[in-house]
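The values are calculated or read from the model by the stated rules, or taken from the named source; none is laboratory data. No experiment lies behind these values; they were computed from the predicted model shown. All Cβ positions, glycine included, derive from the backbone under ideal geometry; neighbour counts span all protein chains shown. Keep in mind that these areas ignore ligands, DNA and RNA; they rest on the heavy atoms of the full protein, side chains included. Shrake-Rupley method; radii C 1.70, N 1.55, O 1.52, S 1.80 Å.
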Amino acid sequence: MTDPTRRNFRWPDSASRPVGAPIQPSVVYASTDPDALDAHYEGRVQGYTYAREGHPNATVLAQRIDALEGAQGGIMTSSGMAAVAAVLLGCLRAGDHVVGGDQLYGRSLRMMAQDLPRLGISTTLADPTDAAAMAAALRPETRLILVEVVSNPTLRVADMAAIAALARDRGILLAVDNTFTTPRGYRPFERGADIVIHSVTKILAGHSDATLGYVAARDPDIATALNDFAVTAGLTASPFDCWLAERGLLTFPLRYDRAEANAQALADHIAGLPGVRRVLYPLRADHPDHNRARSVLGARGGHMVSFELAGGRASANALTRAAPAIAFAPTLGDVNTTLSHPASSSHRGLSAQARAALGISEGFFRVSVGVEDIDTLRDEFSAAIAAATSAE
Ligand SMILES: *Cc1c(COP(=O)(O)O)cnc(C)c1O
């Protein structure tokens with residue numbers, strides 16, 4: 001008799017292959033005998049044992065991102081921050097020193113300022129657009145530099161060539177968080193990086209329905225250390241999120257190119273509207289790092305635009321209320337355009353002076369541009385900025 005409580009199914013063989021990727025949520029994998037487990041753990045056969053250590057959906061997705069980044073053996077993590085944590089906690093030891101960009105993602109900054117020092121790892125933040133400042137931050141015990149190519153939310157462009165040269169000359173690991181630039185805008189391994197990090201949550205997956213990260217290292221020993229730490233600390237990714245992200249990744253190049261073209265057009269449009277104090281887009285001639293953007297990013301300005309209105313909180317409130325179709329949400333990389341207000345979200349923990357030093361006023365907004373029709377976006381931003389300007 002077949003016992004319906006007994007799960008001894010055999011997955012059906014098929015002469016044809018599934019076109020959509022199957023999802024494999026099983027946490028555990030059964031082996032035939034201890035010899036088979038030995039063969040697996042000794043690397044003589046390929047297989048899975050326990051989902052925290054790996055599963056097919058993570059393998060499929062990581063290999064696809066590896067191909068985009070020119071990497072090998074990248075791993076999927078449960079979030080972008082899990083990837084950052086795997087790098088900082090899996091590669092460093094007490095007594096090491098780390099230099100980070102001073103405008104890193106907020107939680108990366110927090111890890112640099114609070115968690116690493118608690119574990120005996122000292123840190124210094126420096127301006128990655130200033131090669132001399134980065135050089136001055138280095139110490140004999142500096143083991144790793146962590147930078148983002150384009151900063152959040154002021155979209156400053158790091159001096160990547162100088163930073164890579166410093167890291168190479170001093171034998172320091174260079175880790176690049178490539179979330180904003182994506183492998184379509186910048187390929188860190190081709191420019192001297194040792195480690196590449198992504199928040200796959202953002203435009204790689206692209207639909208705001210999966211929280212995921214990715215990390216790859218050039219040196220196989222470092223890759224092993226990262227992977228071991230991620231598995232031990234439980235930083236690895238779920239099959240379902242990987243499955244969703246793999247589907248999202250299929251359209252990543254199309255979404256990125258469209259969002260980037262929209263961003264460029266929207267930046268120029270917003271710059272011409274009354275009440276706008278400044279627009280930040282790396283390829284615009286009025287961007288502070290315009291020349292460096294050309295050499296670092298080529299023609300790839302990316303999908304992020306920031307702008308500043310002359311008004312204060314009242315006009316900021318009026319702007320988001322006048323654009324109900326544009327999600328006012330502190331994220332980026334969604335298929336649709338989203339709007340964030342750093343002063344009340346990502347940068348609310350900073351003092352008013354620290355925000356002012358970064359140029360983040362109450363009138364400062366960051367736009368993650370999506371794939372919508374550009375005419376619709378132009379009309380919506382015209383209306384929203386007009387409402388904001390008349391609310392002053
Ligand atoms: C969002 C983000 C992260 C963190 O990613 P999560 O998936 O939210 O954990 C790290 N770095 C950058 C640049 C990001 O934008």
If Lys and Arg each add +1 and Asp and Glu each add -1, what is the summed charge of the other residues whose beta carbon sits under 15 Å from the beta carbon of Arg284? +1
Given C-alpha coordinates of the chain, what is the ratio Rg to Rh with the Kirkwood estimate of Rh? 1.02
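Could you compute the FRET efficiency for Thr224 and Ser16, with r as their C-beta to C-beta distance and R0 at 41 Å, rounded to 0.05?
The pair Thr224/Ser16 has a calculated efficiency of 0.65.
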Rounded to the nearest 0.05, FRET efficiency between Ser382 and Asp209 (Cβ-Cβ, R0 30 Å) equals 0.50
Could you pull out every residue, at least 5 positions away or on a different chain, whose amide H is within less than 5 Å of the one on Gly213? Hs are placed 1.01 Å off N in the peptide plane, and Pro or chain starts have none. Thr77, Ser78, Ser79, Gly80, Val200
Going 7 Å from the Cα of Asp375 toward and past its Cβ, which residues in region 263-283 have a backbone nitrogen under 19 Å from where you end up? 263-270
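How do the peptides 6-13, 162-169 rank, highest first, by the average count of neighbouring beta carbon atoms within 10 Å per residue?
162-169, 6-13
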So Glu42 and Asp130, fully extended at 0.36 nm per residue minus their Cα-Cα distance, gain in nm 27.0 nm
Identify which of Arg44, Arg348, Arg218 has the largest mean-square fluctuation in a Gaussian network model of the chain, with springs joining Cα atoms closer than 10 Å. Arg44
If a paramagnetic tag sat 7 Å from the Cα of Ala356 along the Cα-Cβ line, which residues of region 307-323 would have the backbone N under 11 Å from that point? none
So, in Å, what gap is there between the alpha-carbon centers of region 215-234 and region 138-209? 17
Which of Ala30, Ala15, Ala223 moves most in a GNM of the chain, Cα contacts under 10 Å? Ala15
Between Arg277 and Ser344, what FRET efficiency comes out of the Förster formula 1/(1 + (r/R0)^6) with R0 = 22 Å and r the beta carbon distance, rounded to 0.05? 0.75
Counting only protein heavy atoms and a 1.4 Å probe, tell me what percentage of the chain's accessible area is made up of carbon and sulfur. 53
I'd like the distance between the alpha-carbon centres of region 278-310 and region 331-345, rounded to an integer number of Å. 17
Just subtract the alpha-carbon distance of Asp3 and Asp268 from 0.36 nm times their residue separation and send over the number in nm, one decimal. 88.7 nm
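Give, in nm to one decimal, the length gained when the segment between Glu190 and Thr331 is fully stretched (0.36 nm per residue of separation minus the Cα-Cα distance).
Taking Glu190 through Thr331 to full extension adds about 48.0 nm, to one decimal.
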